[in-house]
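Data block below; observations after.
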Amino acid sequence: MFSGSIPALVTPFRDGAFAEEDFRALVEWQIEQGSAGLVPCGTTGEAATMPKDEHFQVVRACAEQARGRVPVLAGAGSNDTRVAIANVQAAKEAGADAVLMVPPYYNRPSQEGIFRHFEAIAKEAALPVVLYNVPGRTVTDIQPATMARIVQAFPSIFIGVKDATGALARVSEQRAGCGKDFIQLSGNDETALAFNAMGGTGCISVSANVAPKLCADFQAAWAAGDTARALDLHDRLYPLHLAMFTDASPGPVKYAVGRVRPGFPQEIRLPMTEASDASRAAVEAALAHAGLI
């Protein structure tokens with residue numbers, strides 16, 4: 001269901017409110033440029049500062065604009081198991097094709113607690129689930145053995161993982177434990193080439209917000225076996241991948257989107273802030289290196 005370049009979409013705001021028209025235009029542009037899927041309301045989309053009604057308004061707008069042309073993978077995680085279950089149902093009602101689900105954050109459950117959290121979700125799941133393992137943000141790590149246990153218990157529900165651990169060896173471990181059909185997507189743009197070489201099939205990308213065609217071409221080149229072109233595109237994009245995190249995200253990426261799509265709103269919700277001058281300079285240099293400005 002999910003492969004290739006899949007942007008973790010930024011969410012535009014105007015005067016503190018969701019700017020739906022700007023968002024729909026962004027979704028349309030992403031599809032036109034070759035993105036293979038869409039992730040609304042992830043970390044980059046500032047889901048942490050959205051009330052539930054607004055969160056699923058964004059998901060609905062994404063699904064309506066996509067109109068089935070590419071799959072929609074909606075952020076739906078929570079550190080409250082009951083809320084996570086309700087979020088899956090809300091994502092289905094909003095038109096999503098699957099949900100992206102972090103393990104419980106802040107609570108810091110044991111590996112048994114992580115398993116039981118996803119077990120409870122699976123028993124009432126209204127959509128397929130892509131696990132999102134990002135210990136740097138959640139302080140909770142789905143260990144490979146636990147991931148294998150989850151997937152083996154509910155193979156029709158847990159179809160893949162967005163792996164943002166940075167531990168490339170896990171691609172092999174997870175393939176061994178979860179099966180060759182288990183979808184593995186990189187959660188880090190800068191290691192997406194190596195991740196694919198280890199057996200991954202794509203990337204849920206921050207940089208694709210800014211350079212959707214280049215990111216899509218990179219993934220297509222790799223899938224076609226054109227490793228030389230994939231490496232060339234990786235080198236062209238690499239400074240951009242790094243620049244996206246020269247300040248707290250999504251400050252740099254929203255600034256970058258505004259540079260390639262003039263007029264795109266730059267508002268960011270507290271506690272996140274706009275990119276610093278140093279970060280903006282890094283973004284400018286990266287955009288020039290990629291040939292985007």
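The values are calculated or read from the model by the stated rules, or taken from the named source; none is laboratory data. As the structure is a computational prediction, the values presented were derived from the model and not from experiment. Here Cβ is always computed from backbone atoms with ideal geometry, including for glycine, and neighbour counts include all displayed protein chains.
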Task: Members of the range 151-187 that are within 27 Å of Ser207 (Cβ to Cβ) and either in contact (Cβ under 8 Å) with a residue 40 or more places away in the chain or in contact with a Cys (Cβ under 6 Å, 6 or more places away or on another chain) (or both) - done: Phe158, Ile159, Gly160, Lys162, Ile183, Leu185, Ser186, Gly187
Open item on the list: Please pick out the residue among Glu93, Glu20, Glu46, Glu28 that is in contact with a Lys or Arg (Cβ under 9 Å, 6 or more places away or on another chain), under 22 Å from Ala208 (Cβ atoms) and among the charged types (D, E, K, R).
Closed with: Glu46
Task: Single match in Ala61, Ala74, Ala120 (criterion: within 22 Å of Pro144 (Cβ to Cβ) and either outside any strand (DSSP E or B) or modelled with pLDDT of 95 or more (or both)) - done: Ala120
- [ ] Spot the failing condition for Ser279; the list is (1) among the small types (Gly, Ala, Ser); (2) surrounded by 15 or more Cβ atoms within 10 Å (Cβ to Cβ); (3) touching a Lys or Arg at 6+ places or on another chain (Cβ under 9 Å), and only one is missed.
- [x] (3)
Open item on the list: Between a residue in the range 18-30 that is closer than 19 Å to Pro51 by Cα and hydrophobic (A, V, I, L, M, F, W, C) and any residue that is at pLDDT 95 or above and surrounded by fewer than 17 Cβ atoms within 10 Å (Cβ to Cβ), which pairs come within a Cβ distance under 8 Å, given they are 6 or more apart or on different chains?
Closed with: Phe18/Glu54
Task: Qualifying residues in the range 18-77 (those that are closer than 17 Å to Ala91 by Cα and of a type in the set (S, T, N, Q)) - the one surrounded by the most Cβ atoms within 10 Å (Cβ to Cβ) - done: Thr43
Task: Of the criteria (1) surrounded by fewer than 18 Cβ atoms within 10 Å (Cβ to Cβ); (2) free of Cβ contacts under 8 Å to residues at least 60 places away in the same chain, which one Gly95 fails - done: (1)
Task: Qualifying positions in the range 19-37 - under 19 Å from the mean Cα position of the chain (by Cα) and either of a type in the set (Val, Ile, Thr) or not in a helix (DSSP H, G or I) (or both) - done: Val27, Ile31, Gln33, Gly34, Ser35, Ala36, Gly37
Task: Exclusive hit being closer than 20 Å to Ala8 by Cβ, among the aromatic types (Phe, Trp, Tyr), part of a loop (DSSP other than H, G, I, E, B) and touching a Lys or Arg at 6+ places or on another chain (Cβ under 8 Å), set Tyr105, Tyr132 - done: Tyr105
Task: helices (runs of 4 or more DSSP H) completely within the range 198-268 that count 3 or more residues being in contact (Cβ under 8 Å) with a residue 40 or more places away in the chain and closer than 14 Å to Ser186 by Cα - done: 212-223
